[in-house]
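Peer 1: To start, I am sharing the structure in question, which I have written as structure tokens.
Quick note: the coordinates plus some simple rules give every number you see, no bench work behind them. Quick caveat: nothing in here was measured; it's all calculated off a predicted structure. Glycine gets a Cβ as well: all are built from the backbone with ideal geometry, and neighbour counts include every protein chain shown.
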Amino acid sequence: MLIVVCIKQVPDTTQVQIDPVTNTLIRDGIPFIVNPYDTHALEEALRLKDRFGCKVAAISMGPPNAEGTLRKALALGVDHAILLSDRVFGGADTLATSKVLAAAIAKLHSDVEEVGLVLCGKQTIDGDTAQVGPGIASRLAYRQLTLVDKIVNLDLSARKIRVSRKLEGRHEIVEAPLPAMLTVVRELNRPRYPKVQMRLAAAEAVVEVWNNKTLQLDEQKIGLKGSPTWVSKIFSPERDKGEILGDGYADPDGAAAQLIDKLMAKDMLPL
Amino acid sequence: MTPNPTIFTPLLLISMASFAWGCWKRFSLISLGRSEDRFDNIGTRFGDMLLYAFGQKRVVAKPFGINHFIIFWSFIILLVANTEFLLHGVFPSVSLTNLPDGILMPLLLLLDIVSLLALAAVAAAAVRRLVVPPYPEARTMEAFFILFLIATLMLAYFGINAAKISTMQEGGRVLARVWMPVSSVFAGMVPVAAGAYVYGFSWWAHALALLAFMCYLPNSKHMHILTAIPNCFFQRLGKPNTQPREEFTVGNTFGVDRVDHYSWKDLLDSFSCTECGRCQNVCPASITGKPLNPRAVIHNIKVNLLENGAALKKGGAPQTPLIGESGEGSVSEESIWACTTCGACMEACPVFIEQMPKIIQLRRHLVESEAKFPEELLNLFENMEGRSNPWGIAPTERTKWCSQLDVKPFDKDKTEYLFYVGCAGSFDSRNKHVSVAMSQLLDRAGISWGILGKDEKCCGESVRRLGNEYVFDKMARENVAMFIERGVKKVITQCPHCFTILKNDYRQFGLELEVIHHSELLRNLVQDGRLVLDKTTQYMGATVFHDSCYLGRHNDVYDAPREVVRAATGQAPAEMGRNRNNAFCCGAGGGRMWMEEQVGERINLTRVKEALEQKPETICVACPYCMTMFEDGLKDVKAGSVKVRDVAEVLAEALLR
């Protein structure tokens, strides 16, 4: 059984600023990172590999420099790393993206090994839509289990998976037959740290690049052309300026008391 | 019972063979280690050997060390008598008495007195070990057996001489009273009739003790009498404040997890340790009840080598793991992570054993080859690699501390000094005050200085000490390339960790900088009259100074920060009981700054209490980590009225307010 992890290279959003004039992201000099939620998906796939011996493939759609993200996945122990990169994939919204990723997973399923699980982060920190994972599941007709914070049981012989979903204020235990697509939250696990030998091997390993010649998708249905969503504007929401309460140096107790009163008045301290 | 060459000669040959075999075995074990060049600067090495091995400089630095000095030099002098004894046993015609009287008599007097001194020193050592041992586990059978053997040799020596004297004519006895005064006293106890018997008994007692020593020596901790001398010769020239680089190519191993991956010098270290315990008595981890004991680390490396040596020689795999919880012969992970790399152990070791670098090698293996480390370090490692600072704060915020100040970027054509602010000075809210004070002082002194601003990156000190050499290597290469590209030649740091990395570690990456710690620069500016103090500040009250390990012990800067405080306050800061090269770590070095401390008493609390004994109103520091550790510690002991200030803040207070 093959586990496919979808990972994305994203700008380190804590360092991204918005150009006040053009309302676009200033991306110059901002380092790229692996989407943090995806690192948990990757970790869970690798834990299943450690437990059941299944193979793991990491796929990522992005520009050629997204190869770095896949090398990180290789350093952590994935067996295949495939970059989906083609100019015609560019400018895609979540619909077009999920079509490309689904096509790649289908190809892995037919060419490499039967796919049993697809793991995605619950969302990316740049787009924050949380739509790509479910989009893949829909296109592949896989069961979708979103917001997973624990895999309760994976039964490979019965081809069933049981997971805990982290919902607001409660957990939900659900079971589904394989193949299934999971989106995961951070509570699922603690990602591992790469070993140096693996990093060095990953630096020399081959990252396969699949373009649209490989996937043979209708160019009208992918990339910018296949994306019905258009971003008209990006802006930073205005935020009310805060206030300084008391004097934390001279009278920390008094300042803390004032803060508590203030929060209680706004009903922000559950008692 | 009389000396008999026919019995003695085969015994001697067997003992010599046993001695040679034992030494050869040890030597072949040491040769399992990896190569390391310690043959440079032979002249300096020879001088160091004379000073530290024969001069016993570090041994006598502690009060009881004089006792060892006496035993050591007695041993050297008595080599004459013992060599004669062995030769005489085989060839009865060989004897010191063949020497002309002008040489013989003074020599006999010397040997007589030296033997008495040695006997007294051995007795003192035994009493000390019983009553006030250097550490509780020091009362070993092995230690007492060695003392017993030495005492036997001395007593037998007197026995032999006393027997000879007792059978002498009156004239001989008178002469003996002058030239062998101690033996003569013993002679008074030997009846003439028993002379031959006492002689034979003493001779054989001496012979057997000597031969037993020969056989036992290479197999005991007493081996140090052979290894400590070359160990002083092969000591690291300069300070052991950096770690060697690693080569990151596929197929290499990283760090050390088996004893033959240490260098031969590391293995020689393990055979040079006589378990005096001075290292553990100064180790902040050992003292505060952590599982780390530097003496035990060295001992376990030795035991591991002895247990695995045979298999390793045949190219096999080690049976006893070097890192593990299996007791003797293994070093536990918990103890590996407890080290603050303060260097106190290496400063204390009389024979220059390098404990700290060995611990870092073990860390390297855990981090690089196994990705196994305390979980709180995961964020640190990722933050350092991803955002080049320990907290993972956006690099764009590096210049926030000076957003209200007129600070210029470093420009190689216009600026003399790069002020390398460091992560703490840039991001830590308390330490930003130090950066501001520094910028004001530099401006006041008219120094031409600038910063790298948002382009400044972490120096990587913590990750290197934590054994993440791979990430450190990357960070160091990036920094070195940037420094070269920007034309940086002179650097001011306010953090001893940045200071030591830029000054010492980056040399390994081909960068020679003129690095000055801010305390040295400020001291110079005051001395040169570029910072003129027309008043001293009383604001600080009574002060006490705490030495940062990486400023003091690792880089020998002791006076500059004290002089800055004295210039500012008009008074030298008070000294804690442990100061300068004996100073006690704050607990944050070696990456411990970023780790939890759950076992034993907290190191910073121990140090804070020591500082409070001086009843200070201000504790002066010269390191951002020390600052944090002291501030936290003062809160814990509810001594919030005592303030912690960096020396730059103290000076700025006197000068600018």
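Peer 1: Using the count of nearby Cβ atoms within 10 Å as a rough guide to exposure, how do A:VAL209, A:VAL115, B:VAL127 rank from fewest to most?
Peer 2: Ranking A:VAL209, A:VAL115, B:VAL127 by Cβ neighbours within 10 Å, fewest first, gives B:VAL127, A:VAL209, A:VAL115.
Peer 1: If you don't mind, another one. Consider a paramagnetic label point 7 Å from the Cα of B:ALA371 along Cα→Cβ; state which residues of the stretch A:175-200 have an amide N under 15 Å from it.
Peer 2: A:189-200
Peer 1: Let me ask another. What percentage of all Cα-Cα pairs in the stretch A:106-206 are separated by more than 15 Å?
Peer 2: Numbers: 3458 of 5050 pairs.
Percentage above 15 Å: 68.
Peer 1: Right, next: Taking the stretch A:1-84 as the region of interest, what is the percent of Cα-Cα pairs per 10 angstrom bin, listed from the shortest bin to the one with the maximum distance?
Peer 2: 18, 43, 24, 11, 3, 0
Peer 1: Expressed as a whole number of Å, what is the distance separating the alpha-carbon centroids of the stretch B:451-476 and the stretch B:133-148?
Peer 2: The stretch B:133-148 and the stretch B:451-476 have Cα centres spaced 45 Å from each other.
Peer 1: In whole Å, largest first, what are the principal axis extents of the Cα atoms in the stretch A:130-269?
Peer 2: Principal-axis extents of the stretch A:130-269 (Cα, largest first): 67, 44, 38 Å.
Peer 1: Using just the helices of chain A, give the 222 nm mean residue ellipticity in deg cm²/dmol: DSSP H runs with n ≥ 4 each add -39,500 (n - 2.57), and the total is spread over all residues, rounded to 500.
Peer 2: Dividing the helical sum by the residues of chain A leaves -9000 deg cm²/dmol.
Peer 1: With a cut-off of at most 16 other beta carbons within 10 Å, and DSSP calling the residue loop, which GluC sites (Glu not before Pro) in the stretch B:516-613 qualify? Please list them.
Peer 2: B:GLU596, B:GLU601, B:GLU613
Peer 1: Still on this structure, please answer the following. Using alpha-carbon pairs under 8 Å, 6+ residues apart, how would you state the relative contact order of chain B in percent?
Peer 2: So the answer I get is 12 percent.
Peer 1: Treat the count of other C-beta atoms within 10 Å as a stand-in for reagent exposure and order B:TYR52, B:TYR157 from fewest to most.
Peer 2: On the way: B:TYR52 21, B:TYR157 29.
The fewest-first ordering by Cβ neighbours comes to B:TYR52, B:TYR157.
Peer 1: For the protein assembly as shown, state what percent of all Cα-Cα pairs lands in each successive 20 Å bin, counting from 0 Å until the bin that includes the largest distance.
Peer 2: 12, 33, 31, 17, 6, 1, 0
Peer 1: For the stretch B:137-184, run through the trypsin sites (Lys or Arg not before Pro) and keep only the ones in DSSP coil with at most 16 other Cβ atoms within 10 Å of their Cβ.
Peer 2: In loop regions of the stretch B:137-184 (DSSP not H, G, I, E or B), the sparsely surrounded trypsin sites (Lys or Arg not before Pro) are B:ARG139.
Peer 1: Okay, next question. State, to one decimal in nm², a quarter of the convex hull surface area for the C-alpha atoms of chain B, i.e. the direction-averaged projected area. Write out the running numbers ahead of the final one.
Peer 2: Numbers: hull surface 137.2 nm².
The Cα convex hull of chain B, projected and averaged over all directions, gives 34.3 nm².
Peer 1: Below 12 angstrom from the Cβ of B:MET346, what's the summed charge of the other residues (Lys, Arg +1; Asp, Glu -1)?
Peer 2: Numbers: positive: B:ARG58, B:ARG236, B:LYS239, B:ARG278, B:LYS358, B:ARG553; negative: B:ASP269, B:GLU347, B:GLU354.
Value of the local net charge: +3.
Peer 1: Does the stretch B:1-125 come out rounded, prolate or oblate, given a ≥ b ≥ c as the square roots of the eigenvalues of its C-alpha gyration tensor, rounded meaning a/c under 1.5 and, failing that, prolate meaning a/b above b/c?
Peer 2: Because a/c hits 1.5 or more and a/b fails to exceed b/c, the stretch B:1-125 counts as oblate.
Peer 1: Could you please report the charge total around B:GLY392, scoring K, R as +1 and D, E as -1 over all other residues with beta-carbon less than 12 angstrom from its beta-carbon?
Peer 2: Numbers: positive: B:ARG387; negative: A:ASP12, B:GLU382, B:GLU385, B:GLU397.
Net of charged neighbours comes to -3.
Peer 1: I've got another one for you. Which value, in Å to one decimal place, does the Kirkwood hydrodynamic radius take for the stretch B:378-656 when every pair of different Cα atoms is included?
Peer 2: Hydrodynamic radius (Kirkwood, Cα only) of the stretch B:378-656 equals 18.9 Å.
Peer 1: Another question, if that's okay. Give me the tail of P(r) for the stretch B:311-357 as a percent: Cα-Cα pairs with distance above 14 Å. All intermediate terms of the calculation are to be shown ahead of the outcome.
Peer 2: Values: 698 of 1081 pairs.
In whole percent, the long-distance tail amounts to 65.
Peer 1: Ranked highest first by the average count of other Cβ atoms within 10 Å around their residues, in what order do B:23-29, A:166-172, B:209-215 fall?
Peer 2: Values: B:23-29: 16.4, A:166-172: 10.1, B:209-215: 18.6.
Put in order of decreasing packing, that is B:209-215, B:23-29, A:166-172.
Peer 1: Name the residues whose placed amide hydrogens come within less than 5 Å of the amide hydrogen of A:LEU145, ignoring near sequence neighbours (fewer than 5 apart) on the same chain.
Peer 2: Correct list: A:MET181, A:LEU182, A:THR183.
Peer 1: If you restrict to DSSP beta bridges whose two residues both lie in chain A, what percentage is antiparallel, to the nearest 5?
Peer 2: Beta bridges within chain A, antiparallel portion: roughly 40 percent.
Peer 1: If one puts a single equal scatterer on every Cα of the stretch A:171-218 and applies the Debye formula without solvent, what log₁₀ I(q)/I(0) results at q = 0.16, 0.25, 0.26 Å⁻¹?
Peer 2: With one equal scatterer per Cα and no solvent, log10 I(q)/I(0) is -0.94, -0.95, -0.97.
Peer 1: Averaging over every viewing direction, what projected area does the convex hull of the Cα atoms of chain A cover, in nm²?
Peer 2: 19.1 nm²
Peer 1: Gap in Å between the Cα centre of the stretch B:547-613 and the Cα centre of the stretch B:394-423?
Peer 2: About 28 Å separates the Cα centre of the stretch B:394-423 from the one of the stretch B:547-613.
Peer 1: For n ≥ 4 DSSP H runs only, could you compute -39500 (n - 2.57) per run for chain B, divide by its residues and tell me the 222 nm figure to the nearest 500?
Peer 2: So the helix-based figure for chain B works out to -16000 deg cm²/dmol.
Peer 1: Provide Rg over Rh for the stretch A:28-126; use the alpha carbon set for both Rg and the Kirkwood Rh (inverse mean inverse pair distance). Can you show the working numbers first?
Peer 2: On the way: Rg = 13.5 Å, Rh = 14.3 Å.
Using Cα coordinates only, the ratio equals 0.95.
Peer 1: Within the protein assembly as shown, what percent of beta bridges assigned by DSSP are antiparallel, to the nearest 5?
Peer 2: Counting only bridges with both partners in the protein assembly as shown, antiparallel ones make up about 30 percent.
Peer 1: While we're looking at this one, here's another question. Quick one: Karplus J couplings for the stretch A:144-154, per residue in order, coefficients 6.51, -1.76, 1.60, θ = phi - 60°, nearest Hz, x for Gly and Pro?
Peer 2: Per-residue couplings from phi come out as 10, 10, 9, 6, 6, 10, 6, 8, 6, 7, 10 Hz.
Peer 1: In addition: Fewest to most neighbouring Cβ within 10 Å: what's the order for A:VAL88, B:VAL94, A:VAL231, B:VAL434?
Peer 2: A:VAL231, B:VAL94, A:VAL88, B:VAL434
Peer 1: Additional query: Taking Rh as the Kirkwood radius computed over C-alpha pairs, what is the Stokes-Einstein D of the stretch B:140-266 at 25 °C in a medium of viscosity 0.890 mPa s, expressed in µm² per second?
Peer 2: Working: Rh = 19.1 Å.
In µm²/s, the coefficient is 129.
Peer 1: What are the extents of the Cα atoms of the stretch B:259-369 along their three principal axes, listed from largest to smallest and rounded to whole Å?
Peer 2: Projected onto the principal axes, the Cα atoms of the stretch B:259-369 cover 39, 28, 22 Å.
Peer 1: Hey, another quick one. Taking amide H atoms as placed 1.01 Å from N in the peptide plane, list the residues 5 or more away in sequence, or in a different chain, whose amide H sits under 5 Å from that of B:VAL421.
Peer 2: B:LEU452
Peer 1: Explain nothing, just compute: Karplus ³J(HN,Hα) = 6.51 cos²θ - 1.76 cosθ + 1.60, θ = phi - 60°, for every residue of the stretch B:406-420 in order, whole Hz, x for Gly and Pro.
Peer 2: Along the stretch B:406-420, the couplings run 8, 9, 8, x, 5, 9, 4, 7, 10, 10, 8, 10, 8, 8, 8 Hz.
Peer 1: A further question follows. Could you tell me how many degrees, from 0 to 90 and to the nearest 10, lie between the Cα long axis of helix B:101-131 and the main elongation axis, the longest principal axis, of the Cα atoms of chain B?
Peer 2: 60 degrees
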